[in-house]
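Take a look at the structure below.
The values are calculated or read from the model by the stated rules, or taken from the named source; none is laboratory data. All figures in this text were calculated on a predicted structure; none of them were measured in a lab. Ligands, DNA and RNA are excluded from the accessible area calculation, which covers all protein heavy atoms including side chains. Shrake-Rupley method; radii C 1.70, N 1.55, O 1.52, S 1.80 Å.
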Amino acid sequence: MKSVGSRIVIWVILFAYQKNIIQLSLVNYLVSITKRLPTNVVGEFFVDSSCINCDTCREVAPSVFEESEGYSFVVKQPQTEFEILQTKQAVFSCPSGSIGSVNGFDRAEIRETFPLKISDNVYYNGFNSPNSFGAKSYFIDDKNGNWMIDSPKYSKLLVNKFEELGGLDYIFLTHRDDVAHADKFAYKFGAKRIIHYFDRSVQRDAEIIIKGIDPVEIEPGFTIIPTPGHTKGHCVLLYNNKFLFTGDHLYWRSDIKSLRATRNYCWWNWEEQVKSMERLKQYKFSWILPGHGHRKYFEENDMKIHFNKFYKKMSDPNYW
Ligand code: SF4
């Protein structure tokens, strides 16, 4: 809720813009300043009240951002070169443009760092889309074809980067909520979109429709595993028996150091989500790469320990 004071300030800014006294970029900046959250420490970077608490900045720049009362805030201004880079990358990852910088910075230079390498040939795309509730999307650069997992904002910069990396052959959509601009990317690159039959209503002209609950190998090393629960047509992608792209099925919570799945954001059927988890037990992987929440790497055996521990927890009828 904006105070009367900040409403007046915004009105004055907009009046100045209408009279051509200031430019649109300055309007955006000044409006953002009026929404700056009081929880931020004083300094160059800040989060404003348009934050949708998607958690992305806290993963991209973990030493700089924390959460308080449903918003992220700057807990410590970045000091090292690495922290400053991470903070600027968080600006480009924020789906709602809620991270401000008092003096601005060279955006072109930071844009060039995307997509951000995670491990091997797997990347995080940045440019999270508000249309996907701020979910993260990923890119795989593979000899059997390039894949995008869920969709970021349609950004010219990412399009150019994907072109440099050989384009997109497949766009795997974990479920109906995280499709954002998948169709625009598909038309641009002639990529095949993959989605489950039960979630296909959001991409009716998708090229590959998964049916049932049996796993489907689309290309060597790329297996789609249906995991109904969060939505009826939710699926995950297992890549090279190492990377599991989990959409909204499963994620890592850094604060409690545990795998998690959210029952209160389970839109379809929690009991089915638990059964889907049980079916995942048979697979080998070391990485969890979710749409929301944090990614995590463990050696395969440690992953199994965490996985089984969490499976037991979520099977408890009192789990919430
Ligand atoms: S990335 Fe943006 S919307 Fe998401 S938590 Fe951070 S400030 Fe909020």
Acute angle (nearest 10 degrees) that the helix 81-93 long axis makes with the longest principal axis of the chain, alpha-carbon atoms: 80 degrees
0 to 90° range, to nearest 10: angle between helix 24-34 axis and the chain longest Cα axis: 90 degrees
Computed helical MRE - 222 nm, the chain, DSSP H runs ≥ 4 contributing -39500 (n - 2.57), nearest 500: -8500 deg cm²/dmol
Accessible surface of the chain, 1.4 Å probe, proportion on carbon and sulfur as whole %: 52 percent
Mean projected area (nm²) of the alpha-carbon convex hull when segment 116-315 is viewed from all directions: 10.1 nm²
Val202 accessible area, assembled protein chains, probe 1.4 Å, Å²: 60 Å²
Sequence of Thr80, Thr262, Thr246 when ordered by accessible area, the most exposed leading, probe 1.4 angstrom: Thr80, Thr262, Thr246
Solvent accessible area, Å² - Glu219, 1.4 Å probe, full protein context: 50 Å²
Heavy-atom accessible area per residue - segment 36-158, 1.4 Å, Å²: 41 Å²
Ile256 accessible area, 1.4 Å probe, all protein chains in place, Å² to nearest 10: 80 Å²
Whichever aspartates and glutamates have a C-alpha closer than 14 Å to that of Lys88, once near sequence neighbours (fewer than 8 apart) are set aside: Glu44, Glu59, Asp106, Glu109, Glu112
Karplus-derived HN-Hα couplings along segment 232-241 (A = 6.51, B = -1.76, C = 1.60, θ = phi - 60°), whole Hz, x at Gly and Pro: 5, x, 5, 9, 10, 10, 9, 10, 6, 6
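Distance cut-off 29 Å, Cα to Cα: go down the list Lys161/Lys296; Lys76/Lys156; Lys192/Lys232 and report the pairs above it.
Values: Lys161/Lys296 25 Å; Lys76/Lys156 32 Å; Lys192/Lys232 21 Å.
Table pairs above 29 Å Cα-Cα are Lys76/Lys156.
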Within a Gaussian network of the chain (alpha carbon springs, distance under 10 Å), most fluctuating of Ile52, Ile224, Ile99: Ile52
